[in-house]
Amino acid sequence: MKLQHKSQANILQKLGIKKLNPMQEEAQLNIVADHDVMLLSPTGTGKTLAFLLPIIGQLDEDCEEIQVLILVPSRELAIQINQVIRDMGSGYKTNAVYGGKSGSKDRMELKHRPAILVGTPGRVADHMRRHTFTTEFIKTLVLDEFDKSLEVGFEKEMKDIISSLFNLNKRVLTSATQGVEIPSFVRLRDLKTINFLKDGITKLKLKSIHSPSKDKLETLAKALSHLGNKPGIIFCNYKDSIQRLSVFLTEKNIPHGCFYGGMEQIERERALLKFRNGTHQIIIATDLAARGIDVPEIAYIIHYQLPHRREEFIHRNGRTARMNTNGTAYILHWKDEQLPEFIGEPEVEELSDAPLPKPSKWKTLYISGGRKDKISKGDIAGLFFKKGNIKKEELGTIELKDDCSFVAVHARIAIPLIQKLNNTHLKKRKIRVNVI
C-alpha cells in the first residue's frame with residue numbers, strides 16, 4: 001500500500017514549526033537549484049531540517065529504490081536523522097545502518113527499500129560490498145558533519161561509496177566548522193557555499209572556574225551545586241577521566257549519565273534517552289557528544305578537560321545556546337594553568353555555597369513493545385492513565401523504538417506502576433515493564 005506523501009506545509013505543521021530561519025530558507029533555495037551545496041552553520045541552528053525539506057520535496061514517489069544517501073560520522077547522528085525523517089511524517093520510508101547493530105537485521109529491513117538511507121561510512125560501504133541494495137537510483141548524497149567523517153578515518157570508505165554512485169546529480173555537505181579541505185573524490189560540481197558561521201552564537205557566555213588544586217573534583221562538585229538543578233554536559237577528553245568523574249559523582253549521590261566511544265551501543269542510546277527525558281540532568285561525555293546528537297536544550301556545559309583543537313571547542317560550546325536560547329560554557333581549570341590562545345580571557349565565575357543537586361523527579365521505564373507492534377504514543381499514554389491510574393503531570397516523555405518503548409514517569413510512582421502494568425496486554429501483545 002502506497003503511503004500518502006505530505007507537503008512541506010503539512011510537515012512543518014506536524015513538527016510545530018511556524019517559520020523557517022534565514023539559514024534554512026537560503027539552504028532550501030540552493031539545494032533545489034542545479035549545483036552542489038556546502039552548508040556551514042553553528043551547531044543547533046537546524047541544519048538537518050534545512051537539507052531534509054528540499055531533498056524530500058524532490059523525491060520520486062513512484063521509485064521503489066533508495067534515492068538519497070546520507071553519510072554521518074557517528075551512530076547517534078544516524079539514529080537522530082532517521083528519527084527526524086520519521087517525525088516529519090513525509091510518507092517516505094527511511095532506514096539507518098551503523099556499526100553495533102546487527103548486519104542481518106539491516107539486510108532484513110533493507111529488503112523493503114527506503115527512499116532515504118542514513119548510515120555511517122563503514123556500515124554503508126559494507127552493505128555496498130555485499131550488494132545489499134542497488135545504487136542505480138541514488139541521485140542525492142548528503143555528507144553531514146563531513147569534516148568529522150574525514151577526521152575519524154572514514155576517507156577510504158567514503159571514497160569507495162562515492163565511486164559507486166554513478167548517477168549522482170546533487171551533493172550536499174554540512175558542517176559547523178570551516179576551512180576543511182574537501183577531497184577530490186567527492187567530485188563537487190559548481191559548488192555554492194552557504195556560510196552562516198559568521199553570525200556566530202551570540203547568546204553564548206564563556207566563563208572560567210578556578211580550582212585551587214590540580215585535582216579539580218571537589219571544585220566540580222561545588223560548581224554543580226552552584227549551578228543547581230539544570231541540564232548540563234561535562235566534557236572530558238578520555239574514557240578514563242569520565243569513569244573517574246562518574247565514580248566521584250556516584251559517591252556524592254549526584255545522578256548522571258556517561259557517554260563515550262567505548263560503551264556498548266545500547267548503553268550509549270540509553271544514556272542519551274535518560275538525559276533527554278530528564279531522568280539525568282547531567283551527562284559526562286567525550287567529544288562524541290559535541291556533534292549533532294539529539295540532546296535537549298541545555299543550560300550549560302563544563303570543560304573539565306579542554307579539547308586540543310579550537311574546532312572541537314566550538315562544537316562543544318554549540319551544545320548550549322542553541323537556536324534562540326541562552327547558555328554558558330564554563331572552563332574548569334587549575335588557577336595556575338595556562339589556557340590556550342583560542343580561549344581568550346573569559347570572565348571568572350565565583351562559586352556560591354549551595355546544596356548538591358537534587359535527584360531527578362523522573363525515572364525511565366522500559367516497555368517490551370514498539371512501532372513494529374503497531375503501538376503508538378497514544379496507546380502507551382492510554383495504558384498508563386487507565387490501568388496505571390496516574391495523573392497527566394506524572395507522565396513525561398514517551399520515546400518509541402522499533403521493538404520497544406521508553407517512558408518517563410514520576411520516580412515515586414515507578415515501582416507501583418511496574419506492579420500494575422508488567423505482564424499486562426497492550427494492543428493484544430503481552431508486555432514487560434521495568435525500570436532502566
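Where a number appears in this text, it was derived from the coordinates with a stated rule and is not lab data. As the structure is a computational prediction, the values presented were derived from the model and not from experiment. Neighbour counts are summed over all protein chains in view; Cβ atoms, including those assigned to glycine, are modelled from backbone coordinates with ideal geometry.
Here are some notes:
- Residue with peak Gaussian network fluctuation, the chain [Cα springs, cutoff 10 Å], from Lys156, Lys377, Lys18: Lys18
- Förster radius 45 Å - calculated FRET efficiency between Asp34 and Ser104, Cβ distance, rounded to 0.05: 0.65
- Computed from backbone phi with θ = phi - 60° and the Karplus coefficients 6.51, -1.76 and 1.60, the 3J(HN,Hα) list for the range 74-81 is 9, 4, 4, 5, 4, 4, 5, 5 Hz; x is used for glycine and proline.
- Volume of the Cα convex hull of the range 8-199, divided per residue and given in Å³: 113
- For the chain, built as a Gaussian network whose Cα springs stay under 10 Å, the top-fluctuating residue of Ile284, Ile116, Ile266: Ile266
- Two-decimal log10 I(q)/I(0) for the chain, as the Debye equation yields it once each C-alpha is a single scatterer, q = 0.06, 0.10, 0.11, 0.12 Å⁻¹: -0.27, -0.77, -0.93, -1.10
- Centroid-to-centroid separation of the range 10-46 and the range 133-197 [C-alpha atoms, Å]: 18
- Of the peptides 128-141, 298-311, the order by per-residue mean of other Cβ atoms within 10 Å, starting with the highest, comes out as 298-311, 128-141.
- For the chain, built as a Gaussian network whose Cα springs stay under 10 Å, the top-fluctuating residue of Met23, Met38, Met108: Met108
- Where both bridge residues fall in the chain, DSSP classifies roughly 25% of the beta bridges as antiparallel.
- Value at 222 nm in deg cm²/dmol, rounded to 500, when DSSP H runs of n ≥ 4 in the chain each add -39,500 (n - 2.57): -9000 deg cm²/dmol
- Estimated translational diffusion coefficient (Stokes-Einstein, Kirkwood radius over Cα pairs, 10 °C, 1.306 mPa s) of the range 204-348: 104 µm² per second.
- Listed residue pairs exceeding 32 Å between alpha carbons, taken from Lys205/Lys252; Lys93/Lys156; Lys101/Lys205; Lys18/Lys207; Lys274/Lys386: Lys101/Lys205; Lys18/Lys207
- Mean Cβ count within 10 Å, highest first, over the residues of peptides 118-126, 379-387, 78-86: 118-126, 78-86, 379-387
- Taking a straight Cα-Cα cut-off under 12 Å and skipping sequence neighbours fewer than 8 places away in the same chain, the aspartates and glutamates within cross-link reach of Lys230 are Glu297.
- Protection-proxy order for peptides 360-370, 336-346, 252-262, each taking the mean of Cβ atoms within 10 Å per residue, highest first: 360-370, 252-262, 336-346
- As a proxy for reagent exposure, Leu110, Leu204 were ordered by neighbouring Cβ count within 10 angstrom, fewest first; the result is Leu110, Leu204.
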